[in-house]
1. Given the condition crowded, with 22+ Cβ neighbours inside 10 Å and in contact with a Leu (Cβ under 6 Å, 6 or more places away or on another chain), answer yes or no: does some residue in segment 64-85 qualify?
2. Return a yes/no flag: does segment 175-192 have any residue that is modelled with pLDDT under 95 and of a type outside the set (D, E, K, R).
3. For ILE111, indicate whether it is under 16 Å from the mean Cα position of the chain (by Cα), within 26 Å of ALA178 (Cα to Cα) and crowded, with 18+ Cβ neighbours inside 10 Å.
4. What is the number of the single condition among (1) in a loop (DSSP other than H, G, I, E, B); (2) on the phi < 0 side of the Ramachandran plot; (3) in contact with a helix residue (DSSP H, G or I) (Cβ under 8 Å, 6 or more places away or on another chain) that VAL403 does not meet?
5. Out of all the residues in segment 14-29, which are under 16 Å from PRO414 (Cβ atoms) and either part of a strand (DSSP E or B) or aliphatic (A, V, I, L, M) (or both)?
Amino acid sequence: MHAFHYRDDRLFCEEVDVAVTAEKFGTPLYLYSAGTILDHYGRLDEALAGLDHLICYAIKANSNRAILRLLRDAGAGFDIVSGGELFRALNAGADPAKCTFAGVGKSREEIEYALEQGVYSFNIESEAELDYISEIASAKNHRAPIALRVNPDVEAGTHQYISTGKSENKFGIALERAAKVYERASKMPAITVRGVQMHIGSQITEAAPFVSAIEKIAPLVSELKGKYAIKFFSIGGGLGIAYESSIASGSGDWWTSQRSHPLTIRDYVDAILPPLTRFGLRILLEPGRLLVGNAGILLTRVRYIKETTQKKFAIIDAGMNDLIRPALYGSYHEIVPVEGRGDSPNRPEPSRSRFKNTIKREKIDIVGPVCESGDFFAQDREMPELRAGDLLAVMSAGAYGFVMASNYNSRPLPAEALVRGDKVALIRERQTLPQIMSGERDPHF
């Protein structure tokens with residue numbers, strides 16, 4: 001299912017002209033495709049049809065309430081990492097009994113809130129946290145359902161900032177220590193041992209690390225099932241998406257790039273199913289980026305073209321405060337013109353033969369207005385010739401885009417809109433300048 005495509009040299013999201021949304025809601029603007037999100041969820045759910053499973057969407061990837069409602073209606077549970085995310089999920093109508101609570105530093109207030117709401121399980125990240133949750137649950141006359149997050153010490157081959165399954169990472173309890181911690185947890189009167197959890201990282205583009213981690217933890221899972229009658233094994237999320245060649249003209253998997261990402265959902269499921277089916281347990285998955293990453297774009301307009309003796313720059317109205325991934329991770333996002341011109345058509349689809357050989361292209365830095373040299377979206381990127389006023393789409397910005405946005409340089413947060421078929425709706429208003437300062441107070445000493 002391809003949500004973003006060109007029609008008559010104009011970029012469309014499903015059946016909506018992207019340029020029209022920019023005129024209607026302004027820029028910068030996050031624009032999401034409901035059809036793509038549901039398509040990705042449906043494909044994963046269908047691929048797992050022979051397995052007792054629950055897909056718990058990782059809210060941290062994109063937490064807009066409209067998107068949570070979309071996934072709730074499709075049958076998803078939710079993976080949360082804060083009390084705020086639990087509040088968002090419940091506000092979107094989520095069943096707390098389909099919510100798992102992860103995170104290495106849960107506060108007393110968050111733990112009490114999750115206990116009161118009846119979350120499915122707390123993912124325990126340390127022995128200290130286990131003791132703390134036991135103490136809080138005991139004081140409130142609750143029994144806290146838990147799963148240890150077991151660290152299998154597997155190299156995921158991803159960026160160091162989003163690798164979570166190595167022994168040097170801050171996440172989880174070492175595999176060799178897990179059985180003893182489970183034994184201690186089973187003797188705590190305010191604790192119910194409910195399952196096992198792992199998560200080895202994000203943006204992983206090979207099946208081997210997932211399979212390796214499952215196989216390393218498998219003996220422990222079997223032991224725990226026999227001893228404590230655990231109910232589930234959560235294998236986390238982390239399956240990556242394509243950030244290159246994301247616009248296709250016809251068929252094929254949206255999340256697959258022939259150049260950089262050969263792993264599809266079907267390949268992933270085929271690889272992990274054999275070791276999972278033998279457990280006879282419910283399998284939980286916690287995808288985030290996979291469901292929403294390619295489903296969103298950041299729309300931005302060129303303000304100025306600047307040339308120096310060394311470089312040419314397109315200065316756009318979106319900044320690193322709107323989308324920090326290129327500055328934080330050095331990550332790649334494809335950037336395409338929204339409206340083609342006779343002398344500067346939109347970015348070619350995988351086959352470039354449909355475009356004239358006379359198209360003028362140039363290398364240019366695409367940068368934002370924030371007062372930082374790190375405020376860039378692309379450097380030395382080959383683009384059609386750009387002019388002030390051109391509308392650009394930063395592709396694959398649906399995950400870890402708006403949720404990581406800030407008010408740096410006192411810049412208002414962008415608006416968000418959702419497309420479904422031939423309709424588009426605003427799902428977050430653009431922040432105003434007074435709203436930026438709404439919580440500030442003058443001291444009166």
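1. Yes, segment 64-85 contains a residue that is crowded, with 22+ Cβ neighbours inside 10 Å and in contact with a Leu (Cβ under 6 Å, 6 or more places away or on another chain).
2. Yes, some residue in segment 175-192 is modelled with pLDDT under 95 and of a type outside the set (D, E, K, R).
3. Numbers: under 16 Å from the mean Cα position of the chain (by Cα): no; within 26 Å of ALA178 (Cα to Cα): yes; crowded, with 18+ Cβ neighbours inside 10 Å: yes.
It is false that ILE111 is under 16 Å from the mean Cα position of the chain (by Cα), within 26 Å of ALA178 (Cα to Cα) and crowded, with 18+ Cβ neighbours inside 10 Å.
4. The one condition VAL403 does not meet is (1).
5. As a first pass, look at segment 14-29 and keep what is under 16 Å from PRO414 (Cβ atoms): 18, 21-29.
Scanning segment 14-29 gives VAL18, ALA22, LEU29.
The values are calculated or read from the model by the stated rules, or taken from the named source; none is laboratory data. What you are looking at is a predicted structure, and each value in this text was computed from that prediction instead of being measured. Neighbour counts run over all protein chains shown; Cβ positions are idealised from the backbone, glycine included.
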